Amino acid sequence: HVAFIESLKKMLRQLSAALCLTESETEAVIGTVQLDVRPLILVIDDDEIITGMISRVLGEYYRVTCVTKGEEGIIHAQEDGPALILLDVNLMSMNGFDVMLAIKSVEETADIPVVFMTADESGEEEIKGFRSGAADFIRKPFVPEVLVSRVRKIVELTALQKHLRREIDRKSVV
(Lines give C-alpha, C1' and ligand atoms only; values in the text may rest on other atoms or scores of the structure.)
Protein backbone atom coordinates (compact mmCIF):
# COMPACT_ATOMS: atom_id res chain seq x y z
CA HIS A 1 0.00 0.00 0.00
CA VAL A 2 2.80 2.39 0.82
CA ALA A 3 4.44 1.79 -2.56
CA PHE A 4 1.11 2.49 -4.29
CA ILE A 5 0.69 5.80 -2.44
CA GLU A 6 4.25 6.86 -3.27
CA SER A 7 3.66 5.95 -6.92
CA LEU A 8 0.45 7.98 -6.90
CA LYS A 9 2.25 10.98 -5.40
CA LYS A 10 4.96 10.72 -8.07
CA MET A 11 2.33 10.72 -10.80
CA LEU A 12 0.65 13.76 -9.23
CA ARG A 13 3.99 15.61 -9.19
CA GLN A 14 4.48 14.80 -12.88
CA LEU A 15 0.95 15.94 -13.68
CA SER A 16 1.47 19.13 -11.69
CA ALA A 17 4.68 19.84 -13.63
CA ALA A 18 2.84 19.28 -16.92
CA LEU A 19 0.17 21.74 -15.77
CA CYS A 20 2.88 24.24 -14.73
CA LEU A 21 1.71 24.37 -11.12
CA THR A 22 3.90 26.03 -8.51
CA GLU A 23 5.60 23.97 -5.80
CA SER A 24 3.06 25.08 -3.18
CA GLU A 25 0.16 24.22 -5.53
CA THR A 26 1.71 20.83 -6.18
CA GLU A 27 2.08 20.12 -2.47
CA ALA A 28 -1.53 21.22 -1.91
CA VAL A 29 -2.70 18.72 -4.56
CA ILE A 30 -0.57 15.93 -3.07
CA GLY A 31 -1.85 16.82 0.41
CA THR A 32 -5.40 16.02 -0.74
CA VAL A 33 -4.39 12.41 -1.31
CA GLN A 34 -5.30 10.96 2.05
CA LEU A 35 -5.60 7.24 1.56
CA ASP A 36 -6.22 5.24 4.69
CA VAL A 37 -4.40 1.97 4.05
CA ARG A 38 -5.15 0.45 7.43
CA PRO A 39 -6.98 -2.90 7.18
CA LEU A 40 -10.78 -2.73 7.33
CA ILE A 41 -12.69 -4.50 10.09
CA LEU A 42 -16.40 -5.11 9.46
CA VAL A 43 -18.50 -5.31 12.62
CA ILE A 44 -21.95 -6.88 12.33
CA ASP A 45 -23.79 -6.38 15.62
CA ASP A 46 -27.22 -4.94 16.43
CA ASP A 47 -26.09 -3.49 19.76
CA GLU A 48 -24.96 0.10 19.16
CA ILE A 49 -23.16 0.25 22.50
CA ILE A 50 -21.01 -2.73 21.47
CA THR A 51 -20.34 -1.34 17.97
CA GLY A 52 -19.39 2.02 19.48
CA MET A 53 -16.97 0.38 21.91
CA ILE A 54 -15.42 -1.74 19.14
CA SER A 55 -15.07 1.32 16.89
CA ARG A 56 -13.27 3.22 19.64
CA VAL A 57 -11.01 0.32 20.61
CA LEU A 58 -10.08 -0.86 17.11
CA GLY A 59 -10.34 2.52 15.37
CA GLU A 60 -6.89 3.44 16.63
CA TYR A 61 -5.36 0.63 14.55
CA TYR A 62 -7.92 -0.21 11.84
CA ARG A 63 -10.64 1.29 9.70
CA VAL A 64 -13.91 0.07 11.20
CA THR A 65 -17.31 -0.21 9.53
CA CYS A 66 -20.30 -1.18 11.67
CA VAL A 67 -23.66 -2.47 10.49
CA THR A 68 -26.62 -3.68 12.54
CA LYS A 69 -28.23 -6.19 10.17
CA GLY A 70 -26.86 -9.43 8.78
CA GLU A 71 -28.05 -8.62 5.27
CA GLU A 72 -26.13 -5.32 5.35
CA GLY A 73 -23.05 -7.16 6.59
CA ILE A 74 -23.17 -9.61 3.68
CA ILE A 75 -23.36 -6.72 1.19
CA HIS A 76 -20.51 -4.82 2.90
CA ALA A 77 -18.36 -7.96 2.96
CA GLN A 78 -18.80 -8.36 -0.80
CA GLU A 79 -18.32 -4.68 -1.65
CA ASP A 80 -15.57 -3.71 0.81
CA GLY A 81 -13.52 -6.92 1.20
CA PRO A 82 -12.68 -6.43 4.88
CA ALA A 83 -9.59 -7.97 6.46
CA LEU A 84 -11.77 -9.47 9.21
CA ILE A 85 -15.42 -9.66 10.25
CA LEU A 86 -16.55 -9.44 13.87
CA LEU A 87 -19.99 -11.08 13.87
CA ASP A 88 -22.57 -11.26 16.64
CA VAL A 89 -24.15 -14.70 16.93
CA ASN A 90 -27.57 -13.35 17.92
CA LEU A 91 -28.73 -10.66 15.50
CA MET A 92 -32.31 -9.40 15.25
CA SER A 93 -32.61 -9.88 11.49
CA MET A 94 -30.84 -13.20 10.97
CA ASN A 95 -28.50 -15.24 13.14
CA GLY A 96 -24.76 -14.96 12.80
CA PHE A 97 -24.36 -18.54 11.61
CA ASP A 98 -26.60 -17.82 8.59
CA VAL A 99 -24.64 -14.62 7.88
CA MET A 100 -21.37 -16.54 8.00
CA LEU A 101 -22.76 -19.26 5.72
CA ALA A 102 -23.75 -16.60 3.18
CA ILE A 103 -20.31 -14.96 3.38
CA LYS A 104 -18.41 -18.24 3.12
CA SER A 105 -20.52 -19.44 0.16
CA VAL A 106 -19.31 -16.62 -2.13
CA GLU A 107 -15.84 -17.03 -3.65
CA GLU A 108 -14.88 -13.35 -3.17
CA THR A 109 -15.62 -13.43 0.55
CA ALA A 110 -14.99 -17.06 1.45
CA ASP A 111 -11.47 -16.40 2.77
CA ILE A 112 -12.37 -13.47 5.03
CA PRO A 113 -11.79 -14.57 8.63
CA VAL A 114 -14.87 -14.36 10.84
CA VAL A 115 -14.72 -13.94 14.60
CA PHE A 116 -17.97 -14.65 16.39
CA MET A 117 -19.04 -12.57 19.38
CA THR A 118 -21.72 -13.41 21.92
CA ALA A 119 -22.82 -12.73 25.45
CA ASP A 120 -24.22 -16.27 25.68
CA GLU A 121 -22.35 -18.41 28.20
CA SER A 122 -23.28 -21.66 26.46
CA GLY A 123 -20.34 -23.55 25.01
CA GLU A 124 -22.60 -24.97 22.30
CA GLU A 125 -22.52 -21.79 20.22
CA GLU A 126 -18.75 -21.66 20.47
CA ILE A 127 -18.44 -25.26 19.24
CA LYS A 128 -20.91 -24.58 16.43
CA GLY A 129 -18.95 -21.44 15.50
CA PHE A 130 -15.64 -23.24 15.21
CA ARG A 131 -17.24 -26.12 13.30
CA SER A 132 -18.68 -23.66 10.83
CA GLY A 133 -15.24 -22.17 10.16
CA ALA A 134 -14.89 -19.28 12.60
CA ALA A 135 -11.35 -17.99 13.12
CA ASP A 136 -12.06 -17.20 16.78
CA PHE A 137 -14.80 -16.62 19.34
CA ILE A 138 -15.02 -13.64 21.68
CA ARG A 139 -17.33 -13.35 24.67
CA LYS A 140 -19.10 -10.08 25.43
CA PRO A 141 -18.43 -8.00 27.34
CA PHE A 142 -14.93 -8.15 25.93
CA VAL A 143 -11.64 -6.94 27.35
CA PRO A 144 -10.38 -4.22 24.95
CA GLU A 145 -6.74 -5.35 25.02
CA VAL A 146 -7.76 -8.95 24.31
CA LEU A 147 -9.96 -7.86 21.40
CA VAL A 148 -7.12 -5.84 19.85
CA SER A 149 -4.64 -8.69 20.34
CA ARG A 150 -6.88 -11.33 18.79
CA VAL A 151 -7.87 -9.14 15.86
CA ARG A 152 -4.25 -8.16 15.22
CA LYS A 153 -3.04 -11.77 15.23
CA ILE A 154 -5.76 -12.96 12.87
CA VAL A 155 -5.32 -10.01 10.46
CA GLU A 156 -1.54 -10.47 10.40
CA LEU A 157 -1.76 -14.24 9.96
CA THR A 158 -4.27 -13.88 7.13
CA ALA A 159 -2.08 -11.30 5.38
CA LEU A 160 0.96 -13.58 5.69
CA GLN A 161 -1.02 -16.53 4.31
CA LYS A 162 -2.17 -14.46 1.30
CA HIS A 163 1.39 -13.29 0.69
CA LEU A 164 2.66 -16.87 0.86
CA ARG A 165 -0.03 -18.01 -1.63
CA ARG A 166 0.96 -15.22 -4.05
CA GLU A 167 4.62 -16.20 -3.76
CA ILE A 168 3.83 -19.86 -4.38
CA ASP A 169 1.69 -18.94 -7.39
CA ARG A 170 4.42 -16.65 -8.70
CA LYS A 171 7.09 -19.35 -8.30
CA SER A 172 4.92 -22.02 -9.97
CA VAL A 173 4.44 -19.77 -13.04
CA VAL A 174 8.22 -19.36 -13.48
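Here are the numbers:
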{"item": "Members of the range 139-148 that are surrounded by 13 or more Cβ atoms within 10 Å (Cβ to Cβ) and at pLDDT 95 or above", "result": "144, 147, 148"}
{"item": "Complete set of residues in the range 69-110 that are among the hydrophobic types (A, V, I, L, M, F, W, C) and in a strand (DSSP E or B)", "result": "84, 85, 86, 87"}
{"item": "Condition met for residue 93 (out of contact with any strand residue (DSSP E or B) (no Cβ under 9 Å at 6 or more places or on another chain) and among the polar types (S, T, N, Q))", "result": "yes"}
{"item": "Residue count for the range 7-28, restricted to those that are among the aliphatic types (A, V, I, L, M), surrounded by fewer than 16 Cβ atoms within 10 Å (Cβ to Cβ) and part of a helix (DSSP H, G or I)", "result": "6"}
{"item": "Residue 60 surrounded by fewer than 12 Cβ atoms within 10 Å (Cβ to Cβ), over 16 Å from residue 115 (Cβ atoms) and modelled with pLDDT of 85 or more", "result": "yes"}
{"item": "Residue in the range 48-58 that is part of a loop (DSSP other than H, G, I, E, B) and not β-branched (Val, Ile, Thr) present", "result": "no"}
{"item": "Residue that is farthest from the chain's Cα centre (by Cα), among those in the range 129-159 that are under 17 Å from residue 44 (Cβ atoms) and in a helix (DSSP H, G or I)", "result": "129"}
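The values are calculated or read from the model by the stated rules, or taken from the named source; none is laboratory data. It should be emphasised that the depicted structure is a prediction, and the values quoted were computed from it without experimental measurement. Quick reminder, even Gly has a Cβ in these numbers, built from the backbone with ideal geometry, and neighbours come from all protein chains shown.
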